[in-house]
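Before any comments, here is the structure.
The values are calculated or read from the model by the stated rules, or taken from the named source; none is laboratory data. From a predicted model like this one, the values you see are computed outputs, not experimental measurements. As a convention, Cβ positions derive from the backbone with ideal geometry for all residues, glycine included, and neighbour counts pool all protein chains shown. These area figures cover heavy atoms from the full protein model, side chains too; ligands, DNA and RNA do not enter into them. Shrake-Rupley method; radii C 1.70, N 1.55, O 1.52, S 1.80 Å.
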Amino acid sequence: MSASKVKVNLLDFSHEALKEWFASVGEKPFRATQVIKWLHQMGVDDLTQMTNLSKTLRAFLQENAEIRAPEIVMEQQSADGTCKWVLRLADGNAIETVFIPEEDRGTLCVSSQVGCALDCTFCSTARQGFNRNLTVAEIIGQLWIAKRTLQKDPKGERAVTNVVMMGMGEPLLNFEPVVAALRLMLDDNAYGLSRRRVTVSTSGVLPAMGRLADTLDVSLAVSLHAPNDELRNRLVPLNRKYPIKELLAACQSFLDKKDTQRKYITWEYVMLDGVNDTEQHAHELAALLQGIPSKINLIPFNPFPDTRYKRSSNNRIYRFRDILQESGYTVMTRKTRGDDIDAACGQLAGEVNDRSRREIHFARIEQGH
């Protein structure tokens, strides 16, 4: 018996890549635009529904292509309206995607890796270890699934207006697939999101930050979490390779390459009780970021099983915020959303076949080795 034919997954193509594929099989490039609209604007999962394609082309696509997104295996709704999907991948791993509705926006938090290759000590995803990078289809498939699912909401359609690459994984360690997915998010023939409403979060992968600035105009969020190298080395071990001084220079370079007037770096700062939340830390942070257009997000720590960290008190968070505001910074104290379904910042875990043996590493840390 002959092996079954391997079909290309249409969700794996950016617009330009799909044009090239159609050209390679003797079709006009404009067919790519038609298919992109069917896939991402209309959200079809059936090739026969693409009625402005000829019957011959539809038959060709049915024989050679498919539309394959991750599978929803669990959907959880928080009391505050946040929705989390656990998505099963073809290899058995699972990732998590979160939709956060607000009055003026709907934000989708998208994963970029199965687990995470970094080992930030306060993050639940890091405890799961790392398996692999996600494909384009697995990244854009999260937005494809969210849009289709939210349109069926009996309360009325809830739109995804913002995307943040802040789910499982470090996006800039999966550069090419992430950029291809981002291009689809921004493409007027696909999702047509504003570049100001698409944000890539990074712990500070400096070479890739430069590549991103040269490749795509999107917003940048940096997971800082500490105002000095000694503390950040403990919380974000990547800092040992790319210390804060080099990180700040890379951020300024990123801003210099943006062609929009409204440009700033968003700094993510998780508030950990007795670790990074003192008045001294706040003053140090204010001095550190001086001269860099900044918005600072203070994130109350969201506990997860077996963590040694605790959430800062509200009084400490408010005092920290006030010091930064008095220094002239725009500061947001992020509301804790979805923590009753483990969908809050730092809590995404999924089901990861860990190839990095990360749990053993963290067990040794907890035991003081």
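Answer yes or no as to whether residue 128 is polar (S, T, N, Q), open to solvent by 10 Å² or more (accessible area, probe 1.4 Å) and touching a helix residue (DSSP H, G or I) at 6+ places or on another chain (Cβ under 6 Å).
Details: polar (S, T, N, Q): yes; open to solvent by 10 Å² or more (accessible area, probe 1.4 Å): yes; touching a helix residue (DSSP H, G or I) at 6+ places or on another chain (Cβ under 6 Å): no.
Taking the combined requirement at face value, the residue does not satisfy it.
Of the residues making up segment 111-134, those that are within 25 Å of residue 309 (Cα to Cα), assigned to a strand (DSSP E or B) and in contact with a Pro (Cβ under 9 Å, 6 or more places away or on another chain) number 1. The condition (being modelled with pLDDT under 90, closer than 30 Å to residue 240 by Cα, surrounded by fewer than 22 Cβ atoms within 10 Å (Cβ to Cβ) and of a type outside the set (Phe, Trp, Tyr)) is satisfied by just one residue among 153, 119: 119. Looking only at segment 211-230, residues that are among the basic types (Lys, Arg) and either in contact (Cβ under 8 Å) with a residue 60 or more places away in the chain or crowded, with 19+ Cβ neighbours inside 10 Å (or both) come to 0 in all. For residue 158, the conditions (1) under 22 Å from residue 68 (Cβ atoms); (2) surrounded by fewer than 20 Cβ atoms within 10 Å (Cβ to Cβ) are fulfilled apart from (1). Evaluating residue 142 against the criteria (1) more than 12 Å from the chain's Cα centre (by Cα); (2) buried (at least 16 other Cβ atoms within 10 Å of the Cβ) leaves one unmet condition, (1). Residues that are touching a Gly at 6+ places or on another chain (Cβ under 8 Å) and assigned to a loop (DSSP other than H, G, I, E, B) within segment 183-223 are absent altogether. Residues in segment 231-287 that are within 17 Å of residue 312 (Cα to Cα), touching a Ser or Thr at 6+ places or on another chain (Cβ under 7 Å) and either open to solvent by 50 Å² or more (accessible area, probe 1.4 Å) or not charged (D, E, K, R) (or both): 235, 271, 272, 273. Just one residue in the set 137, 180 is part of a helix (DSSP H, G or I), out of contact with any strand residue (DSSP E or B) (no Cβ under 8 Å at 6 or more places or on another chain) and not basic (Lys, Arg); that residue is 180.
Taking segment 288-302 as the range and being more than 24 Å from residue 165 (Cβ to Cβ) and buried (at least 16 other Cβ atoms within 10 Å of the Cβ) as the test, only 288 passes.
Here residue 306 clears all of (1) over 22 Å from residue 204 (Cα atoms); (2) open to solvent by less than 60 Å² (accessible area, probe 1.4 Å) except the condition numbered (2).
Within segment 97-116, the residues that satisfy the criterion of being open to solvent by 10 Å² or more (accessible area, probe 1.4 Å) and not polar (S, T, N, Q) are 100, 101, 102, 103, 104, 105, 109, 116.
Of everything listed in (1) open to solvent by less than 70 Å² (accessible area, probe 1.4 Å); (2) under 20 Å from the mean Cα position of the chain (by Cα), the single unmet condition for residue 71 is (1). Only one entry in 186, 173, 206 is open to solvent by 20 Å² or more (accessible area, probe 1.4 Å), over 21 Å from residue 246 (Cα atoms) and touching a helix residue (DSSP H, G or I) at 6+ places or on another chain (Cβ under 9 Å), namely 186.
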